Every structure is written in structure tokens, then in C-alpha cells.
Amino acid sequence: AVPRTRILATGGASHNKKILQVLSDVFNAPVYTIDTANSACLGSAYRAIHGLVAETNVSFADVVKLAPEPRLAVTPTAGAEEV
């Protein structure tokens, strides 16, 4: 089975529930956020670590195991896909 789509929102706009709701409704997918400042830098750091251990065949999923768990922020409004 193919996993359902989910959106991971970061940055300043991720604190605005109305913007997140629009994203959720447009893409008909739940939106998750993380409480981490400078999340783009954090993602880059995980990719850099993955590059450093690439020759050991460590998967990216294993590298980010200890990353902060995203929290559900909003879900699609019922009927939004019809609009």
C-alpha cells in the first residue's frame, strides 16, 4: 500500500493555522509541523551527516531516527476536495 501524502510545514508561516489549513485543503492532506528553529539548517545538517556516512550504507531514514517527531497541525476540511 502506498502511504498517504502528508505535508511537513516549517518556517514562520508554519505558525499560522489559517495558512496551514489552506495547504491542507488544497492538497487534501494533513499538515504536520515541528518545533525546531532553523529547520532548513537542521535538514541540511542531516543530509551532510548522511553524506559523511554514505560509504557505510547507512540509510537516510536511519540518520534521521532521532529527529524531532512532527506534530499534526491541521487536517483537510471535509468536502474541500470538491471545491
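The values are calculated or read from the model by the stated rules, or taken from the named source; none is laboratory data. What you see is a predicted model, and the numbers here were worked out from it, not measured in a lab. FYI the Cβ positions are ideal-geometry reconstructions off the backbone, even for glycines, and counts take in every protein chain you see. We work out accessible area using only protein heavy atoms, side chains counted, and drop any ligands, DNA or RNA first. Shrake-Rupley method; radii C 1.70, N 1.55, O 1.52, S 1.80 Å.
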Self-check item: Cα-projected label distance for VAL26 with LEU66, points at 7 Å along beta-carbon direction, nm
Solution: 3.6 nm
Quiz item: Given a 1.4 Å probe and every protein chain left where it sits, what share in percent of the accessible area of segment 7-74 is carbon and sulfur?
Solution: 61 percent
Quiz item: log₁₀ I(q)/I(0) of the chain at q = 0.20, 0.27 Å⁻¹, via Debye over equal Cα point scatterers, no solvent, to two decimals?
Solution: -0.94, -1.22
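I need to check one value: relative contact order of segment 7-74, counting alpha carbon pairs closer than 8 Å and at least 6 residues apart, in percent.
42 percent
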Quiz item: Per residue of the chain, what 222 nm ellipticity follows from adding -39500 (n - 2.57) for every DSSP H run with n ≥ 4, rounded to the nearest 500?
Solution: -10000 deg cm²/dmol
Quiz item: What is the helix-to-structure angle for 39-52, meaning the angle in degrees between its Cα long axis and the longest Cα principal axis of the chain, kept from 0 to 90 and rounded to the nearest 10?
Solution: 30 degrees
Quiz prompt | Choice from VAL58, VAL22, VAL31 with maximal GNM fluctuation in the chain (Cα, 10 Å cutoff) | solution = VAL58
Quiz prompt | Computed lengthening from VAL58 to ALA13, 0.36 nm per intervening residue step minus Cα-Cα distance | solution = 12.9 nm
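So with the 1.4 Å probe, I'd like the accessible area per residue for the chain, rounded to whole Å².
Accessible area per residue, the chain: 74 Å².
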